[in-house]
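Accompanying notes for the structure given below.
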Amino acid sequence: MRLTMVGTGYVGLVTGTLFANTGNSVTCLDLDEAKIATLRRGQCPIYEPGLGELIRKNVESGRLFFTTDRDEAYRDAEVIFICVGTPTAPDGDTDLRFVQAAADDIADVLRNLGPAQVPKTIVVKSTVPVGTTFMVRDRIRARVGANIPFRVANNPEFLKEGDAVSDFNRPDRVIVGVEDGQSGEVFRDLYDPFVRNGNPIFVMDILSSEMVKYASNNFLATKISFINEMANLCEALGANINRVREGMCADKRIGHQFLYPGLGYGGSCFPKDTRAIIRMGERTGTPIDLSRAVDATNMGQRTRFFRKIEQHFAPPRGNGLAGRTLAFWGLAFKPRTDDVREAPALTLVQLATDAGARAVGFDPVANDTAKAVMGDRLKVVPDMYEALTGADALVVCTDWDDFKSPDFRRIGQLMRSRVVFDGRNLYRRQHLGDLGFHYYSVGRAPVAPLQA
């Protein structure tokens, strides 16, 4: 099948590459000429394990193409996937200007091709508020008139950064929203190679398809905020959230996934989608109190953790954070990605530097993206131990494997004072105390060294 991806961001690039890998002819359209030149060389502009090799393979095989030419991208395509960004606007709503621009460009090409063309299927794959796919349909129809045929559909993505290739190749389910049965068959053909293990393709109405993505992400965000709220209560009562979680998650009705206490969620999906749900509720006059609490709890988790840092260095132990050096391990919002959007680490860096501290950070892949956002607030270094030289405290923000079994004796020798703030509960409390560290985590009592 001849496919076009509009946008070579995370969703468009993964989707286009994996469809090409199953034999389709895929053209990826982007207006960023430098990015397209990079991709034409078979190089991957984002960090996603396994994706670079697949891009090179499919470019060399002649199945994957990259262009900045709209006419070239749309002219022969049977299915066009809109995969552009939908960022959060200042008022919390979803910014749809890139979706609208893509719809207008598609309409212009359809109009030039005329009424004799075979109907194209235009798919909104970007995460969009409910009703947006119909907005795209109506916007295109208004520009091309009644005589030019096309169809619209919605096909939300469920790709975890760091595991996107595996998620696409072995999806839990495929969700498709269509207006007619013929469009549904197009998607069954496209996705059949990926669901041969028996996982379902759900073909439904477009409004429900759009809502599935938001409902799914909002529920997962709720689980994260819930376990963090329980962790905060455990700290207040002297309980241990790790033990509580073990007992709670043994209940098969609850399970283990997304119930890990820490600094809260970040990235491009959960914060944006939770706020979009809130805005959809406001527009329809529907109370969305739970989602509001989820968002507030998540953002509050970062400031609550920062208060632990402040309190440790407050009198009588110290004179505050001014002049202190804090080392940050992990800058991406999660491991296996270089994405720092809504990353808890960057919030903590900002709070620390606002308080007069110096921030030094290391991340296995996100140093450059973090530095581009934080500028002079953050010094990034190429080695995790180098970040600790002369540091007054270590702040662990991302649970990369690299950080899970460090050399604590070396850490103690490099740091000015042995203080660890573990935002991901990676370490055993008493072990750190025995090694002479002040150790703070989430949902567990702090530990002081024996001699303190």
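Only the coordinates and a few stated rules stand behind these numbers; no lab work does. Just so you know, these numbers come straight off a predicted model, no measurement behind them. Cβ: placed from backbone, ideal geometry, glycine included. Neighbour counts: every protein chain shown.
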### Task
Kindly rank 428-438, 152-162, 236-246 from highest to lowest mean number of other beta carbons found within 10 Å of each residue.
152-162, 428-438, 236-246
### Task
Treating only the Cβ atoms of Lys and Arg (+1) and Asp and Glu (-1) as charged, compute the dipole magnitude of the stretch 70-110 about its Cα centre; round to the nearest 20 debye.
60 debye
### Cα coordinate range in the chain, projected on the principal axes (Å, largest first)
84, 47, 42
### Task
Check cross-link reach from residue 125 to the lysines: straight Cα distance under 20 Å, and skip same-chain residues fewer than eight apart.
160, 213, 272
### Extreme residue, positive dipole direction of the chain, given options 316, 212, 54 (C-beta unit charges)
316
### Query
So between residue 53 and residue 314, what do we pick up on full extension, going 0.36 nm a residue minus the alpha carbon distance?
88.9 nm
### Query
If the chain between residue 296 and residue 89 were fully stretched, how many nm would it gain, using 0.36 nm times the residue separation less the Cα-Cα distance?
72.7 nm
### Message
Starting from the Kirkwood Rh over alpha-carbon pairs, what translational D in µm² s⁻¹ does the stretch 2-204 have by Stokes-Einstein at 10 °C and 1.306 mPa s?
### Response
92 µm²/s
### Task
Treat every Asp and Glu Cβ in the stretch 363-437 as -1 and every Lys and Arg Cβ as +1, leave all other atoms uncharged, and give the resulting dipole magnitude about the Cα centre to the nearest 20 debye.
300 debye
### Message
Counting only helical runs of four or more DSSP H residues, what would the 222 nm mean residue ellipticity of the chain come to if each run contributes -39,500 (n - 2.57) and the total is spread over all its residues?
### Response
-13500 deg cm²/dmol
### Task
DSSP loop (so not H, G, I, E, B), at most 16 other Cβ within 10 Å: list which trypsin sites (Lys or Arg not before Pro) in the stretch 16-84 pass both filters.
41
### Query
Picking from 332, 390, 238, whose Cα lies most toward the positive end of the charge dipole for the stretch 205-452 (charges on Cβ: Lys, Arg +1; Asp, Glu -1)?
238
### Task
Measure off 7 Å from each Cα along the Cα-to-Cβ vector at residue 402 and residue 368, then give the distance between these two points in nanometres to one decimal.
1.4 nm
### Message
Give me the mean projected area, in nm² to one decimal, of the convex hull enclosing the Cα positions of the stretch 205-452.
### Response
15.1 nm²
### Cβ charges +1 (Lys, Arg) and -1 (Asp, Glu), total dipole of the stretch 2-204, debye
380 debye
### Task
Report the extension gain between residue 205 and residue 248 in nm, rounded to one decimal, defined as 0.36 nm multiplied by the number of residues separating them, less their alpha carbon distance.
11.8 nm
### Query
At a Förster radius of 30 Å, what calculated FRET efficiency corresponds to the Cβ-Cβ distance of residue 33 and residue 134, to the nearest 0.05?
0.35
